[in-house]
1. Sequence gap at least 6, Cα distance under 8 Å: using those rules, report the relative contact order of the chain to the nearest whole percent.
2. Quick one: 3J(HN,Hα) in Hz for the stretch 45-59, Karplus 6.51/-1.76/1.60 with θ = phi - 60°, rounded, Gly and Pro as x.
3. Could you go through the stretch 22-32 in sequence order and give the Karplus-derived ³J(HN,Hα) for each residue, using 6.51 cos²θ - 1.76 cosθ + 1.60 with θ = phi - 60°, rounded to whole Hz, and x for Gly and Pro?
4. Could you work out, for the chain, what percent of all Cα-Cα pairs fall into each 10 Å distance bin, beginning at 0 Å and stopping at the bin that holds the largest distance?
5. About the Cα centre, and with charges only on the beta carbon of Lys, Arg (+1) and Asp, Glu (-1), how big is the dipole of the stretch 12-52? Nearest 20 debye, please.
6. Give me the extension gain from Q53 to K2: residue separation times 0.36 nm, minus the current Cα-Cα distance, reported in nm with one decimal.
7. Can you give the helix-only mean residue ellipticity at 222 nm for the chain, where every DSSP H stretch with n ≥ 4 adds -39500 (n - 2.57) and the sum goes over all residues, rounded to the nearest 500 deg cm²/dmol?
8. Longest exposed-loop-site-free stretch of the chain, with trypsin sites (Lys or Arg not before Pro), DSSP loop and at most 16 other Cβ within 10 Å?
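The values are calculated or read from the model by the stated rules, or taken from the named source; none is laboratory data. Every value quoted in this text rests on a predicted model; they were computed, and no experiment measured them. So basically every Cβ, Gly included, is an ideal-geometry build from the backbone, and we count neighbours across all protein chains shown. Calculation scope for accessible area: heavy atoms of the full protein, side chains included, ligands and nucleic acids excluded. Shrake-Rupley method; radii C 1.70, N 1.55, O 1.52, S 1.80 Å.
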Amino acid sequence: MKKVYNIEGVKCGGCAAVVKEKLNDIEGVETVEVDIAKKKLIVVGTTDKKVLQKALSDTKFKID
């Protein structure tokens, strides 16, 4: 299932790489894409938004 979220704090390719690295390690996540210009996070998989946000809790990034 493809889910699209707003994401705050992603300003560059390095930020996007950190988000991808953190979220790709979660069980149920198939793919992760970050659209820096539109501030969107696209996740394919079965993982809940709360699980994604928890994985980013030690970063400056926030999922809306």
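1. 43
2. Ordered by residue, 3J(HN,Hα) equals x, 10, 7, 6, 4, 4, 5, 4, 5, 4, 5, 9, 4, 8, 10 Hz.
3. Result, rounded to whole Hz: 5, 7, 5, 7, 7, 5, x, 8, 8, 9, 9.
4. The percentages, shortest bin first, are 24, 65, 12.
5. The dipole of the stretch 12-52 has a size of about 280 debye.
6. Residue separation times 0.36 nm, minus the Cα-Cα distance, leaves 16.7 nm.
7. Taking each H run of at least 4 residues, the total per residue is -8500 deg cm²/dmol.
8. 12-37
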